[in-house]
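Just below is one structure, and these are the notes that go with it.
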Amino acid sequence: MSKTILTVDDSRTMREMLLLALEDAGYHVLQAEDGIKGLEVLQDKRADVIITDINMPRLDGFGFIEHVRRDTSHRAVPILVLTTESDAEKKSRARSAGATGWIVKPFHPVKLVDAIRRVSG
Amino acid sequence: MAGNEMDSLRQIFFQECEEQLAELESGLLEIEGGGQDPEIVNAVFRAVHSIKGGAGAFALDELVRFAHVFETVLDEVRKGRLDPAGAVVEVLLRSADVLADLVRVARDGGSVDAERIRAGTDELAALSGTPVATDDAAEEESVEDLGFTPVAVAFPTFDEVPAEPEPAVFEYTVTFKPHASLYASANEPAVLLRELGRLGEMTVACDTSALPALGEIDPEGSYLAWTIDLKTTQTEDDVRAVFEFVDGDCDLTITANNGAAPSAEDADFEALLRSIREAPVEVVAEADEPVAAEPIIADAPVVLQDLAVAVADIAPKAEAPKTEPKAEKADRAEKSDKAAGGEAAQQTIRVDLDRVDRLMNLVGELVINQAMLSQRLGEAGLARSSEFATGLDEFEQLTRDIQEGVMAIRAQPVKSVFQRMPRLVREVAAATHKKVRLVTEGEGTEVDKTVIERLADPLTHMIRNAIDHGLEKPEHRIAAGKREEGLVRLSASHRSGRIVIDIADDGAGINRTRVRAIAEEKGLIPANAQLTDDEVDNLIFLPGFSTASTISDISGRGVGMDVVKRSIQALGGRVSITSRPGHGSTFTLSLPLTLAVLYGMVVTVADQTLVVPLTSIIETLKPKPGDIHGFGGESRVIALRNNFIPLVDVGRELGYRNHSTDPGAGVALLVESDGGAQSALLVDGIQGQRQVVIKSLEANYGRVPGIAAATILGDGRVALIVDVDAVVAGSRNGGSPESVLALAG
């Protein structure tokens, strides 16, 4: 049973890159292009792990994570923040919003899969 | 990852870069114009950020470094620490240009002037108040050998444990006590422990002493702690790295105790984990109503996960359902709509242009086919009310709808061309030491993609010209009582089925004395030629004409306005110019919306069948002999509603006959031509209105003055499409439609 990963990123390049890397690793992938779309996808689909960007139009990564954590049916889903900022401020903001972990861009596919395993077993 | 996947990723990346660069530029221009909306700044920041993110994945280090510095400054703006006023936004615009060049170089190869990048970086660094040490920061993020390399990557399976040759074995004691916040961020001790287990051999002891009675358990609380003895070849940092995500969300100690005897109670950790994973599934399988368990799961997932770990350790029979059944259900549901694949929200598709063109051609054939059927129907003498005829009417309507649909696919707003111009204006302004403001209007005006693509070069040239030749130097402008900053206005609009693009400057206007002198000097006109102001202005379109005394780098480049004119004509368009000394010049391009079809009026002239584009015709009228007045030789006008309108004998203009016909025997088509002037085209009779497919005459035969193109009629005959403006212009010049050019010969 392959795991389902929801990727939320406004960059088409990044979505496509994640799709290729994740499908290669045997995951089923759902995609959304910003936080609002991400929440829409979660309304009728389930994800085992969510990977989200921070800087997005409409609803950014922080807001998206907070919404997911407030929703009882998804609050236990691990969320990995995907971002180029490796600075402490972004990480701590993401964490206090409820992020489970993070992936620093640019990522190697192996590191990506590594991070997923570290939050979802 | 396969090479072709990399290629397609690259392609997506660069397409996206183009979009982001456009977003960046338009956002910055809005800010420059005083836009205050924080969302603009956010969008600008995101654009640079996205480019940087993608560039990092492709190891485009130079691009990443510059984007990083740029992004740092934009972040300052975003946080309100830097006011994007005057000089600042100018730096940002210049940086956007550098960024665009770096993207282009990354895509097409070549190099960007290192000095330019350095200057740009310094300028940005000065704004953000940080020293140029920013290089290191970017380096750290990009170069870490994490580049997305085009080689197949084998992903390790989850059970693989890395094997090191001849490793030293360390022993650690790890104590781990999660805080409630660890669970709140969906971290799970079982997963972390399993991760730890991958590092080597370990024994796990769970401390449940803090666990209260069931009724007192706070679902959000944390009651368990673990002590782990680990034998591993990894360093303490590697051990700590397992807990990276929960740093601060737990009490963690890691003690190295090398030499200590291995623990006596060696538990099989994999077996322990298996029991944790499998126990809940067993329980659910035994339950009658697994679904009924869901509300509990939803309410208290945290504590249940806790319990799953603890209880499995103590007594594997406890009731600790997990969310697996729900997971399976959802998974099945997802499989069923596999068609949706990874695409949740796709709003546009990218289609190979060839496919659209093929469709377009087929639709063209369909139109001709339908016209032939209609014709045959008429010839067969079937009544208009017959079922055949009504069916054919519907067919005609459908054909039209399909055609419009296909044309709409190809139609694009001129914005894509217009948005390249601000940068051009900045560059030319800098090179000529002039101050220029560009105003664009009507960017949403749509026109066929081919037209747009072929517009870029002529527009670029004309804007260069407007700044280089049109606008005066700042000191001259001030002396003339004008604003120091020159204005170039680029606007597009739809007018009678064509797109009209104006390039207007508020410069000195065309210096007619000088233009005349140059034309005479170059032998383009005879010394004593009698020319109207309009004719003098149009001299600049003659081949070989260039007003610059030295070929400047800006509008020189070996091409003149004649090339512009020819490329516009090749699109079935026209260029005209109006100029007022001291007030500036306006170049007007008028182009067809599509190069594929037009609605035309089929007319008869001297036994020939011609098509006049419907879009140029205002009305048709039957002239009464009393309305026609002759003056000066062959010239005639027609009186219409208190106006005198020049009468143009099409048959004569096109050389079908060399005498004028009796206007009373024909029909006059009132047309509007360049500049809005009206004329009446005299033809022998009207056959009807029809949609015709344009076939290029130049491609199949050659250029014919006064004729725009050809078409195939329903009966299979070829008919020529009249170039109304050329015919009218020809009649005004009292000779062939190309008389201005003929003058040059």
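We did not get these values from a lab; they are worked out from the coordinates using the rules stated. Treat the numbers as computed from the prediction; the structure is a model and nothing was measured. Methodologically, a virtual Cβ is constructed for each residue, glycine included, from the backbone with ideal geometry; neighbour enumeration extends over all protein chains shown.
Quick check: residue separation of B:A380 and B:N643 times 0.36 nm, minus the Cα distance between them. What number comes out in nm? It would help to have the intermediate numbers written out before the result.
Values: separation 263, 0.36 × 263 = 94.68 nm, distance 4.53 nm.
Full-extension gain reported as 90.2 nm.
Farthest toward the positive end of the dipole of chain A, out of A:A88, A:N55, A:V29, is the Cα of A:A88, where the dipole comes from beta carbon charges about the Cα centre. In order along region B:424-429, phi translates into HN-Hα couplings of 4, 4, 4, 5, 5, 4 Hz, rounded to whole numbers, per the Karplus curve 6.51 cos²θ - 1.76 cosθ + 1.60 with θ = phi - 60° and x for Gly and Pro. 3J(HN,Hα) couplings calculated from phi for region A:107-119 with the Karplus curve 6.51 cos²θ - 1.76 cosθ + 1.60 (θ = phi - 60°) are, in sequence order, 10, 8, x, 5, 5, 4, 5, 4, 5, 4, 5, 5, 10 Hz; Gly and Pro show x.
List the trypsin sites (Lys or Arg not before Pro) within region B:622-722 that fall in a DSSP loop (any state other than H, G, I, E or B) and whose Cβ has at most 14 other Cβ atoms within 10 Å.
Details: sites: B:R636, B:R641, B:R652, B:R657, B:R690, B:K695, B:R703, B:R717; in loops: B:R641, B:R657, B:R703, B:R717.
Here the sparse-neighbourhood loop sites are B:R641, B:R657, B:R703, B:R717.
Within region B:51-89, which trypsin sites (Lys or Arg not before Pro) sit in a loop by DSSP and count at most 16 neighbouring Cβ atoms inside 10 Å? Write down the numbers at each step before the final one.
On the way: sites: B:K52, B:R65, B:R78, B:K79, B:R81; in loops: B:K79, B:R81.
Listed in order of number, the matching sites are B:K79, B:R81.
The chymotrypsin sites (Phe, Trp or Tyr not before Pro) found in region B:587-652 that occupy coil by DSSP, while having at most 16 further C-beta atoms within 10 Å, are B:F631. When +1 charges are put on Lys and Arg Cβ atoms and -1 charges on Asp and Glu Cβ atoms, the dipole computed for region A:4-120 relative to its Cα centre reaches about 380 debye.
Measuring against 27 Å, Cα to Cα, the residue pairs A:K45/B:K52; B:K522/B:K565; B:K415/B:K473; A:K105/B:K449 contain A:K45/B:K52; B:K415/B:K473; A:K105/B:K449 as the ones spanning a longer distance. The distance from the alpha carbon centre of region A:8-51 to that of region B:366-420 is 43 Å, rounded to a whole number.
Overall dimensions of region B:592-732, expressed as equivalent-ellipsoid semi-axes from the Cα gyration tensor (√(5λ), whole Å, largest first), are 25, 15, 14. The stretch between B:E475 and B:T173, if pulled fully straight at 0.36 nm per residue, gains 100.7 nm over its current Cα-Cα span.
Could you tell me the relative contact order of region A:4-120? Use alpha-carbon pairs under 8 Å, at least six residues apart, and round to a whole percent. Could the numbers behind the result be given before it?
Working: 193 pairs, mean separation 27.3, N = 117.
After rounding, I find 23 percent.
Distant-in-sequence amide contacts of B:K435, defined by a placed amide H-H separation under 5 Å and a gap of 5 or more residues or a different chain, comprise B:G486. Expressed as a whole percent, the proportion of Cα-Cα pairs in region B:573-666 lying more than 23 Å apart is 46%.
Stokes-Einstein at 37 °C, 0.692 mPa s, Kirkwood radius from Cα pairs: D for region A:45-121 in µm² s⁻¹? Before the final figure, lay out each step's value.
Details: Rh = 12.5 Å.
For the chosen part, D equals 262 µm²/s.
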